[in-house]
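Novice: There's a structure below that I have some questions on.
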Amino acid sequence: MNEREKLYEVKFELAGPAAMFTRPDTGATPVSYPAPTYSAAKGMFESIARIKSAYIKPVKVEICAPIHYHQYTTNYHGPSKKSGTDNFQLFATILTNVCYRIYGIVEEIERAPIDITTNHLHYLKDKFERRLRNGRWYHVPCLGWKEFTPSYVGEFREETNVEEAIEIIIPSMLFSIVYIPGKSDYDYNATYKQNVWIKRGVLNYVE
């Protein structure tokens, strides 16, 4: 097996007091999925390390804390607010006291642009692990909504365990969001996966 055929695997753990991975079908009073979507996990990886010619593809997430939901209220003043109206209260059902272990593999977007002798897949893996160890990132990884910042981001902790009692089938789960070039920030194409099964506390993105 040559260098470009090797699997370059990366992983990290994060935890926080609150998280929101919005189910689009819940409308104006959004409810969270029990675990990060593929897009959310990909964004977490990219907040820590990224390069132009490769990316980290999320492959699975382990739920490492019991699932608890909580009613949450915030003042909304975003782009969907009607012109000329005051801010309004947004009611949501969020997750509390979450902990996840997220796994990914480094994949190529395009050939390394300058030095063809450089293994940019290995470079991104090394960059990610170094920045994770040192607590450095482009911006703080968020647990869905930007205001939900983690209490821990780093390497796996010995005391963390997967909640193997969690068994959930999600009829339809948002997989990824691709923004449409040349349009506003709020125009996008969304893809979904059907009958997503969280088995023994593990959600596989690639099945």
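The values are calculated or read from the model by the stated rules, or taken from the named source; none is laboratory data. All figures in this text were calculated on a predicted structure; none of them were measured in a lab. Ideal geometry is used to build each Cβ from the backbone, glycine not excepted, and the neighbour counts take in all protein chains shown.
Novice: What do you reckon, is Val31 in contact (Cβ under 8 Å) with a residue 40 or more places away in the chain, crowded, with 23+ Cβ neighbours inside 10 Å and of a type in the set (A, V, I, L, M, F, W, C)?
Specialist: Working: in contact (Cβ under 8 Å) with a residue 40 or more places away in the chain: yes; crowded, with 23+ Cβ neighbours inside 10 Å: no; of a type in the set (A, V, I, L, M, F, W, C): yes.
Spelling it out, it is not the case that Val31 is in contact (Cβ under 8 Å) with a residue 40 or more places away in the chain, crowded, with 23+ Cβ neighbours inside 10 Å and of a type in the set (A, V, I, L, M, F, W, C).
Novice: Read through the list (1) modelled with pLDDT of 95 or more; (2) in a helix (DSSP H, G or I); (3) out of contact with any helix residue (DSSP H, G or I) (no Cβ under 9 Å at 6 or more places or on another chain); (4) not β-branched (Val, Ile, Thr), then give the number of the only condition that Tyr123 fails.
Specialist: Going through the list (1) modelled with pLDDT of 95 or more; (2) in a helix (DSSP H, G or I); (3) out of contact with any helix residue (DSSP H, G or I) (no Cβ under 9 Å at 6 or more places or on another chain); (4) not β-branched (Val, Ile, Thr), Tyr123 breaks only (1).
Novice: Looking at segment 152-204, which of the residues that are at pLDDT 95 or above and of a type in the set (Ser, Thr, Tyr) is surrounded by the most Cβ atoms within 10 Å (Cβ to Cβ)?
Specialist: Thr160
Novice: Another question, if that's okay. Please state which one of Ser53, Ser32, Ser39 is more than 25 Å from Ile166 (Cβ to Cβ) and not aromatic (Phe, Trp, Tyr). Give the steps one after another, and end with the answer.
Specialist: Working: Ser32 fails: more than 25 Å from Ile166 (Cβ to Cβ); Ser39 fails: more than 25 Å from Ile166 (Cβ to Cβ).
Only one candidate qualifies: Ser53.
Novice: Going by the structure shown, is Tyr72 closer than 16 Å to Leu7 by Cα, hydroxyl-bearing (Ser, Thr, Tyr), modelled with pLDDT under 95 and surrounded by 15 or more Cβ atoms within 10 Å (Cβ to Cβ)? Can you show your working first?
Specialist: Values: closer than 16 Å to Leu7 by Cα: no; hydroxyl-bearing (Ser, Thr, Tyr): yes; modelled with pLDDT under 95: yes; surrounded by 15 or more Cβ atoms within 10 Å (Cβ to Cβ): yes.
For Tyr72, the condition - closer than 16 Å to Leu7 by Cα, hydroxyl-bearing (Ser, Thr, Tyr), modelled with pLDDT under 95 and surrounded by 15 or more Cβ atoms within 10 Å (Cβ to Cβ) - is not met.
Novice: In addition: Yes or no: segment 133-151 includes at least one residue that is at pLDDT 90 or above, crowded, with 17+ Cβ neighbours inside 10 Å, within 22 Å of the chain's Cα centre (by Cα) and not in a loop (DSSP other than H, G, I, E, B).
Specialist: Looking for residues that are at pLDDT 90 or above, crowded, with 17+ Cβ neighbours inside 10 Å, within 22 Å of the chain's Cα centre (by Cα) and not in a loop (DSSP other than H, G, I, E, B), one finds none in segment 133-151, hence no.
Novice: Taking only pairs six or more apart or across chains, which ones have beta-carbon atoms under 6 Å, a first residue in segment 36-50 that is in contact (Cβ under 8 Å) with a residue 24 or more places away in the chain and small (Gly, Ala, Ser), and a second residue that is surrounded by 23 or more Cβ atoms within 10 Å (Cβ to Cβ) and in a helix (DSSP H, G or I)?
Specialist: Ala49/Phe128
Novice: A further question on this structure: What pairs can you find where one residue is in segment 136-160 and at positive phi, the other is crowded, with 16+ Cβ neighbours inside 10 Å and assigned to a loop (DSSP other than H, G, I, E, B), and their Cβ atoms are less than 7 Å apart, with a gap of 6+ or different chains?
Specialist: Going by the 7 Å Cβ cut-off, the qualifying pairs are Gly144/Met20; Gly144/Phe21.
Novice: With the requirement that a residue be under 21 Å from Val31 (Cβ atoms) and modelled with pLDDT under 85, what does segment 90-120 give you? First the steps, then the outcome.
Specialist: So in segment 90-120, the residues under 21 Å from Val31 (Cβ atoms) come out as 90-100.
If the condition is that a residue be under 21 Å from Val31 (Cβ atoms) and modelled with pLDDT under 85, then Leu90 is the only one that fits.
Novice: Which condition number in (1) surrounded by fewer than 20 Cβ atoms within 10 Å (Cβ to Cβ); (2) over 25 Å from Gln194 (Cβ atoms) is the one that Ala49 fails?
Specialist: Going through (1) surrounded by fewer than 20 Cβ atoms within 10 Å (Cβ to Cβ); (2) over 25 Å from Gln194 (Cβ atoms) one by one, Ala49 breaks only (1).
Novice: Going through segment 1-36 one residue at a time, which ones are among the β-branched types (Val, Ile, Thr) and modelled with pLDDT of 95 or more?
Specialist: Of the residues in segment 1-36, the ones among the β-branched types (Val, Ile, Thr) are 10, 22, 26, 29, 31.
Result: Val10, Val31.
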